[in-house]
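The values are calculated or read from the model by the stated rules, or taken from the named source; none is laboratory data. What you see is a predicted model; the values in this text were computed from it and never measured. Virtual Cβ from ideal backbone geometry, glycine too; neighbours counted across all protein chains shown. Accessible surface areas use protein heavy atoms only, side chains included; no ligands, DNA or RNA. Shrake-Rupley method; radii C 1.70, N 1.55, O 1.52, S 1.80 Å.
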Amino acid sequence: MISRRLKIGLVCPYSWDTPGGVQSHVRDLAEYLINAGHDVSVLAPAIEESALPRYVVNAGKPIAIPYNGAVARILFGPIAFARVRSWISTGNFDILHLHEPAIPSISLLAIWAAEGPMVGTFHAAAKHQKVIYAIGPILEPAIEKLSARIAVSEAARLTLTNHLQTDAVVIPNGIYTKRYSLGMPVQKWSGNTLGFIGRFEEPRKGLSILSDALPIISRFAPDVRVLVAGPGDPGNFMELVDPELRDRFEFLGQISESEKADLMSSISLYIAPNTGGESFGIILAEALAGGACVVASDIPAFDSLLEGGEFGALFKSQDSTDLAKVVIALLRDRDEREDLARKGKEHAQIFDWDMVAEQILSIYEMAMIGGTKITLASENRAWSRFTQREGER
Amino acid sequence: MRNILIGALLLLVSLWYLSFLAARLDRLHHRVETSWANLDSLLQRRAAIALEIARSDFADPASALILTSAAYQAREAGVQERSSAESALSGALSLLLVDDQSDVSTAAHLLLEELKLLTAKIRIAIAIHTDAVSSTQMVRRKVGIRIFRLAGTAPLPLTYEFEFDAL
């Protein structure tokens, strides 16, 4: 148990104002730690300075680069390095927690600049990582400076052990399970309904796999409907769907957290047909917490989150026939569906922030055992000590 | 003249690299020591809790005997046999951790809760320590470090083998 108030520095490599898994993880963690009485400062790149919460320090305007099948807004370079250094030297931190430190970003710059107890969380798990990890020998001394490493999933941990020859403790991403467990079933979303949430226009989210499976599913369940929530233009997507099946899709647009909770408790099945690029699958944790019965593709992140199918059904990734088979079997078997949903809801408790943040705090505690604070690495070098002494005379 | 300059530059660069390597190794050695100190203190606390459980009414005489001897062995084990002694204690503790805890007294229940929290911490401490040890071993295999004896007289850290499933 950490009883004293800590000065914690979090570094988020991606632009604060674009939505994303890492950003919301850092935001939720920062807010949890602040509520627990700690003093938290987040360093992140941002486009719009005025919209930042009080605890975020702007590191500068991010640059858009293609990374891991999407466009990542990150930041590096000499000006960023100077900002990172001044943030570290004025922060008087007990500990630094760097997110995604293996990509060229301000997280990596912070490792280079700082000396002392540092913890790193690795989020990504993808084959595209290889390019980044090819520079492993350059990263090695930097990654080594981390007192403890956290991976958000078994898949992320494997990426780490395979490419950087170092191990990590697995701590899942957190959600506020209470927000999702309070959902109420809504009449218009009930029945033989399949739910999908996400940016459906992105191919890796896999909505087209579900629409390919629909002809078979509708033969066995004529009243089946698909409820799609998330940002995007339904028009472009609908052109690719069989005209006879178009009326089965219902687009809800962006929905709030409480609507999400209601949706999860109304639908028969939540479908996650993602084809890859997913390292944790926070949406599955939310679906489980909301009491939905989950059907997901068997990509490594989903497989490990559902523990090999124990807390939700898995189908062969990119195989719409297999998806149809699994969906039909579950639509027919109400008991099995309710059983999976009940087990899943219990399991979702391990993703609750109360559990997750406690584990992260005990990692902090162990990283801080040396008792030193965070300083600039350059201050500890021999010549700096020498010049300082000269100055004192 | 030019050759001398290039030579001097090379010498400077390699000196800088050696000092960089030495600093890196020093940091790792330091981490091995602190992470071991942490793991050691957690394991000592576990042994103390095991003794307390053995003395409580929760343990029957036979398991109390096994638990007491395992706890003492874990406490007195040297560095070499520490891993196996601690694994033996984990095994002894797992004998007691039955699923049905309905007829457990509140005092024993508190002890078991504390043990559960401690076990989670020990897992993390082991992961951090073994990681520090394997990084250190890797860096110490580097040619520069071996030739210039940058490790000095520090002993090569031992890998701590711990049976996770026994926890």
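Observations
- Single unsatisfied condition, residue A:84 versus (1) under 28 Å from residue A:166 (Cβ atoms); (2) in contact with an Asp or Glu (Cβ under 7 Å, 6 or more places away or on another chain); (3) among the aliphatic types (A, V, I, L, M): (2)
- Checked against (1) within 20 Å of residue A:334 (Cα to Cα); (2) aliphatic (A, V, I, L, M); (3) under 30 Å from the mean Cα position of the chain (by Cα), residue A:197 passes all but condition (1).
- Residue A:13 meets each of the listed conditions (1) buried (at least 21 other Cβ atoms within 10 Å of the Cβ); (2) over 16 Å from the mean Cα position of the chain (by Cα) apart from (2).
- Any pair with Cβ under 8 angstrom, 6 or more apart, that starts in the range A:165-177 at a residue that is open to solvent by 10 Å² or more (accessible area, probe 1.4 Å) and ends at one that is hydrophobic (A, V, I, L, M, F, W, C) and assigned to a loop (DSSP other than H, G, I, E, B): A:170/A:152; A:172/A:152; A:172/A:280; A:173/A:152; A:173/A:280
- Close contacts from the range A:22-46, counting a first residue that is within 17 Å of residue A:62 (Cβ to Cβ) and in a helix (DSSP H, G or I) and a second that is open to solvent by 20 Å² or more (accessible area, probe 1.4 Å) and hydrophobic (A, V, I, L, M, F, W, C), with Cβ to Cβ under 9 Å and a gap of 6+ residues or different chains, come to A:23/A:16; A:24/A:282; A:26/A:16; A:27/A:16.
- Out of A:59, A:102, sole residue that is without any contact (Cβ under 8 Å) to a residue 60 or more places away in the chain, buried (at least 19 other Cβ atoms within 10 Å of the Cβ) and either more than 29 Å from residue A:205 (Cα to Cα) or touching a helix residue (DSSP H, G or I) at 6+ places or on another chain (Cβ under 8 Å) (or both): A:59
- Residues in the range A:180-209 that are of a type outside the set (Phe, Trp, Tyr) and in a helix (DSSP H, G or I): A:181, A:187, A:188, A:203, A:204, A:205, A:207, A:208, A:209.
- Within the range A:152-162, none of the residues are part of a helix (DSSP H, G or I), modelled with pLDDT of 90 or more and surrounded by 23 or more Cβ atoms within 10 Å (Cβ to Cβ).
- Inspection of the range B:9-19 finds a residue satisfying the criterion of being facing chain A (nearest Cβ under 8 Å), open to solvent by less than 70 Å² (accessible area, probe 1.4 Å), at pLDDT below 90 and part of a helix (DSSP H, G or I).
- Taking the criterion of being at positive phi and either in contact with a Pro (Cβ under 9 Å, 6 or more places away or on another chain) or open to solvent by less than 100 Å² (accessible area, probe 1.4 Å) (or both), the only residue of the range B:135-153 that qualifies is B:152.
- Members of the range A:166-182 found to be in contact with a helix residue (DSSP H, G or I) (Cβ under 7 Å, 6 or more places away or on another chain) and not hydroxyl-bearing (Ser, Thr, Tyr), listed by number: A:167, A:168, A:169, A:170, A:171, A:172, A:173, A:174, A:175, A:179, A:182
- Subset of the range A:300-320 (residues that are open to solvent by 40 Å² or more (accessible area, probe 1.4 Å), out of contact with any Gly (no Cβ under 8 Å at 6 or more places or on another chain) and not in a helix (DSSP H, G or I)): A:310, A:316, A:319
- Taken as a whole, the range B:103-111 holds at least one residue that is touching a Phe, Trp or Tyr at 6+ places or on another chain (Cβ under 9 Å), over 30 Å from residue B:15 (Cα atoms) and free of Cβ contacts under 8 Å to residues at least 40 places away in the same chain.
Rundown of residues vs (1) modelled with pLDDT of 90 or more; (2) within 14 Å of another protein chain (Cβ to nearest Cβ); (3) in a helix (DSSP H, G or I); (4) surrounded by 15 or more Cβ atoms within 10 Å (Cβ to Cβ), yes/no style:
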residue	(1), (2), (3), (4)
B:41	yes, yes, yes, no
B:46	yes, no, yes, yes
B:53	no, no, yes, yes
B:58	no, no, no, yes
B:62	no, no, yes, no
B:65	no, no, yes, no
B:68	yes, no, yes, yes
B:75	no, no, yes, yes
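- Taking the numbered list (1) more than 19 Å from the chain's Cα centre (by Cα); (2) touching a residue at least 12 places away in the same chain (Cβ under 8 Å) in turn, residue A:333 passes all entries but (2).
- Pair list, Cβ under 8 Å, 6 or more apart: the range A:344-372 residue more than 18 Å from residue A:25 (Cα to Cα) and more than 9 Å from chain B (Cβ to nearest Cβ), other residue among the β-branched types (Val, Ile, Thr) and not in a helix (DSSP H, G or I): A:344/A:294; A:368/A:95
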